[in-house]
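The values are calculated or read from the model by the stated rules, or taken from the named source; none is laboratory data. Everything numeric in this text was worked out from a predicted model, so none of it was measured. Glycine also receives a Cβ, built like all others from the backbone with ideal geometry; neighbour counts cover every protein chain displayed. Note: accessible area is taken over every heavy atom of the protein model, side chains too, but ligands, DNA and RNA are not part of it. Shrake-Rupley method; radii C 1.70, N 1.55, O 1.52, S 1.80 Å.
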Amino acid sequence: MAEKYKIPRGTFDILPQDSYKWEYIRKKFRDIAELFNYREIVTPIFEQADLFERSVGNSTDIVQKEMYKFCDKKGRSLALRPEGTASVVRSYVENSSLQQESGTKLFYLGPMFRYDRPQKGRYRQFYQYGVEILGVKDPLADVEVIALGYLFLKDLGLSSFTLEINSIGCSECSPEYDKALVKYFNRFKDSLCNDCLARLEKNPKRILDCKIPSCIDISQEAPSILDNLDEECRLDFDKIQEYLTALSIPFKVNSRIVRGLDYYQKTAFEFINNNLGAQNALLGGGRYDGLVAQLGGKDVPGIGFAGGFERLIISMENEKLSFGKQPIPQIFLILLGETARDSGIKILHDLRKAGISADFLMKPASIKSQMKQADRSRSPLTLILGDNELDQGIITLKNMNTGTQESISLNDLISVIKEKLS
Ligand code: AMP
């Protein structure tokens, strides 16, 4: 017997009963990004592995444990992208057309890949929407991306989410804070989990992000970054809070938000939905001022966010929100008799050429099963054509909501239907 294949673990098919939801979100995100005058960028789903190792960071879980890394036939080391920012920055450095003095506003949509333990809201292939602003140091840029994320979630109708913001300091004050953290956590070396022991060496801030209860307990009393920010970081963080208040965007300062990627500096933020369980981050982002230079470009600041479609869809389903209309054909054509079947394809073609969506049952079938199919298609109008009617140049039009039927001339078909649908 031939082998049956199974979908790879941590991935899923987007089936027709759900694919319109994805399209709805894609469209809503494009609309909001265009409302803010961002332009779309599409980068490859694989890049040189080194790009992510250098930017996301060699010591992060994403690079160390989760990256799909492989060699191509020429031995080049490549990786399926685990996130979008590194690729966008790579493209920004490579393409001078993107490097605008006034700042560059980009958005992207597409699949990302991380080899993590799958659970609800966490997959090995997942879909992100994201934005980046390159070239603007002013905290107004931070507020613009946060405002975009906020309006997007609001526009979808979501209400059960909160915005949490933090500043994780810059290359000046962050190392000082790291030292204070190392000093503090060194006292608890015996009780930290193994991952946190490694973090203590490489990236102590990430201990604040550990989900293990004993590590959470220990970090309760750890020094706060907010007491360790330098003047510029503090002023910028204050300004961001002022602007958010002015825009009536509710937020909470959470000094434990550190984000799992090395390139973040200063602002870090997440939109959280606590109804999502363990994977409660709907959307996350932050500032990455050193990244462009680190990837070979000029010293250009950056800020952005990314969010996952899957957690958004789960949240919207929890709140029983609409995903717009499922596409349904405007016309279902029922064909009775041999000659009618032969002419059917021409009628369908004419309807479709006129921009009227139409379908029929391709296999020969009884009127009963064609009617059933017409019902199932949920199209508002059904056309019924028999051999006799064809001889007389007419066709029956049935309104599926009222059940009323009328005969119309085949010559007038398109104009009558257009009028009925208008
Ligand atoms: P990150 O790049 O880790 O900051 O993630 C940004 C957003 O992408 C998260 O808030 C989630 O909505 C989504 N996301 C990240 N990793 C996954 C995953 N493995 N599965 C599904 N969604 C994810």
*Does segment 140-154 contain any residue that is loosely packed, with under 15 Cβ neighbours inside 10 Å, closer than 30 Å to D13 by Cα and without any contact (Cβ under 8 Å) to a residue 40 or more places away in the chain?*
yes
*Any chance you could count how many residues in segment 53-101 are of a type in the set (S, T, N, Q) and either within 21 Å of G10 (Cα to Cα) or outside any loop (DSSP other than H, G, I, E, B) (or both)?*
9
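Here's the yes/no breakdown for (1) over 18 Å from the mean Cα position of the chain (by Cα); (2) assigned by TED's automatic domain parsing to the domain that holds R30:
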| residue | (1), (2) |
| --- | --- |
| Y243 | yes, yes |
| K252 | yes, yes |
| V258 | yes, yes |
| R287 | yes, yes |
| G307 | no, yes |
| G324 | no, no |
*asked:* Looking at (1) in a helix (DSSP H, G or I); (2) in the same structural domain as N166 (by TED's automatic domain parsing), which one does G344 not meet, given that it meets all the others?
replied: (2)
_Test of understanding: among I45, I62, I7, I14, which residue is at negative phi and modelled with pLDDT under 95?_
I62
*Return only the number of the condition from (1) in contact with a Lys or Arg (Cβ under 7 Å, 6 or more places away or on another chain); (2) at negative phi that S91 does not satisfy.*
(1)
_Looking only at residues that are away from the ligand (no atom under 16 Å from the Cβ) and in a helix (DSSP H, G or I) in segment 276-320, which one is most open to solvent (accessible area, probe 1.4 Å)?_
Q294
*Residues of segment 383-418 being in a strand (DSSP E or B) and not hydrophobic (A, V, I, L, M, F, W, C), which ones?*
G386, T396, K398, N399, Q405, E406, S407, S409
*Exclusive hit being of a type in the set (F, W, Y) and either more than 12 Å from the ligand (Cβ to nearest atom) or touching a helix residue (DSSP H, G or I) at 6+ places or on another chain (Cβ under 8 Å) (or both), set Y264, Y243*: Y243
_Name the residue that is nearest to the chain's Cα centre (by Cα), counting only residues in segment 176-191 that are hydrophobic (A, V, I, L, M, F, W, C) and open to solvent by 40 Å² or more (accessible area, probe 1.4 Å)._
V182
*asked:* Looking at G57, G84 in this structure, which one is in contact with a helix residue (DSSP H, G or I) (Cβ under 7 Å, 6 or more places away or on another chain), surrounded by 15 or more Cβ atoms within 10 Å (Cβ to Cβ) and in contact (Cβ under 8 Å) with a residue 60 or more places away in the chain?
replied: G57
_Boolean, R54 is away from the ligand (no atom under 16 Å from the Cβ), out of contact with any Lys or Arg (no Cβ under 6 Å at 6 or more places or on another chain), more than 30 Å from L247 (Cα to Cα) and modelled with pLDDT under 95_ = yes
_Of residues in segment 155-175 being among the small types (G, A, S) and open to solvent by less than 10 Å² (accessible area, probe 1.4 Å), the one modelled with the lowest pLDDT_ = G169
*Which is over 22 Å from G260 (Cα atoms) and within 12 Å of the ligand (Cβ to nearest atom), of L153, L140, L158, L98?*
L153
